[in-house]
1. Filter the range 55-70 down to the residues that are assigned to a strand (DSSP E or B) and without any contact (Cβ under 8 Å) to a residue 40 or more places away in the chain, then identify the one that is surrounded by the fewest Cβ atoms within 10 Å (Cβ to Cβ).
2. Taking only the range 25-39 into account, find how many residues are polar (S, T, N, Q) and open to solvent by less than 40 Å² (accessible area, probe 1.4 Å).
3. Name the residues in the range 24-53 that are out of contact with any Ser or Thr (no Cβ under 9 Å at 6 or more places or on another chain) and in a loop (DSSP other than H, G, I, E, B), would you?
4. Name the pairs: first residue in the range 71-97 and basic (Lys, Arg), second residue open to solvent by 30 Å² or more (accessible area, probe 1.4 Å), Cβ to Cβ under 7 Å, at least 6 apart or on different chains?
5. Residues in the range 103-157 that are modelled with pLDDT of 90 or more, in contact with a Ser or Thr (Cβ under 8 Å, 6 or more places away or on another chain) and not in a loop (DSSP other than H, G, I, E, B): how many?
6. Condition first: under 14 Å from the mean Cα position of the chain (by Cα) and open to solvent by less than 50 Å² (accessible area, probe 1.4 Å). Now tell me which residues in the range 89-105 satisfy that.
7. Which of (1) in contact (Cβ under 8 Å) with a residue 12 or more places away in the chain; (2) open to solvent by 70 Å² or more (accessible area, probe 1.4 Å); (3) farther than 21 Å from Trp22 by Cα does Asp108 not meet, given it meets every other one?
Amino acid sequence: MRWWDIDPVLQLERDLFPEDAWSRGMFWSELAHSRGADATRRYVVAQTGERIVGYAGLASAGEQADVQTIAVARDQQGTGLGSRLLTELLRAATAFECAEVMLECRVDNTRAQKLYERFGFEPIGFRRGYYQPGNVDALVMRLTDPSSSVQGTEING
């Protein structure tokens, strides 16, 4: 993801997450930490032609990484794009030499939970009222050894 992707990403963000969409400043802040030798973030976009149809981001800190966001356009859901985006994030976690990857997922987002479980994420707890302003709980999930989840997978783009 580059700075010029922020506007189309924001459009998708607001469509998919109307109650708790990230702001322009949040994306700018994340991208500020995604370049150079001291980078701690990895953000990617997926495109069909010129249209951005998905994006994902990861933050690393020491031996732990956190999936910050994964989003797939409504008309692209069920196509495997979410899996490809998650694979890219796990590759980044491996490159950052992270031993585990954490994430929060809305408790009512069973489609995302199933995706994460297929990659080996396991539920470890809840964060009450995590998603605001809707006051929706988050399921906390963890994956140990992200490198084992991406070995042998190829991304065709």
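1. Out of the qualifying residues, it is Ala61.
2. Adding up the residues that qualify gives 1.
3. Correct list: Arg35, Gly36, Ala37, Asp38, Gly49, Glu50.
4. Partner pairs satisfying both residue conditions: Arg84/Ile155.
5. So the answer is 3.
6. Scanning the range 89-105 gives Leu89, Leu90, Ala92, Ala93, Val101, Met102, Leu103, Glu104, Cys105.
7. (3)
The values are calculated or read from the model by the stated rules, or taken from the named source; none is laboratory data. Every value quoted in this text rests on a predicted model; they were computed, and no experiment measured them. Here Cβ is always computed from backbone atoms with ideal geometry, including for glycine, and neighbour counts include all displayed protein chains. With ligands, DNA and RNA removed, areas are computed over all heavy atoms of the protein, side chains included. Shrake-Rupley method; radii C 1.70, N 1.55, O 1.52, S 1.80 Å.
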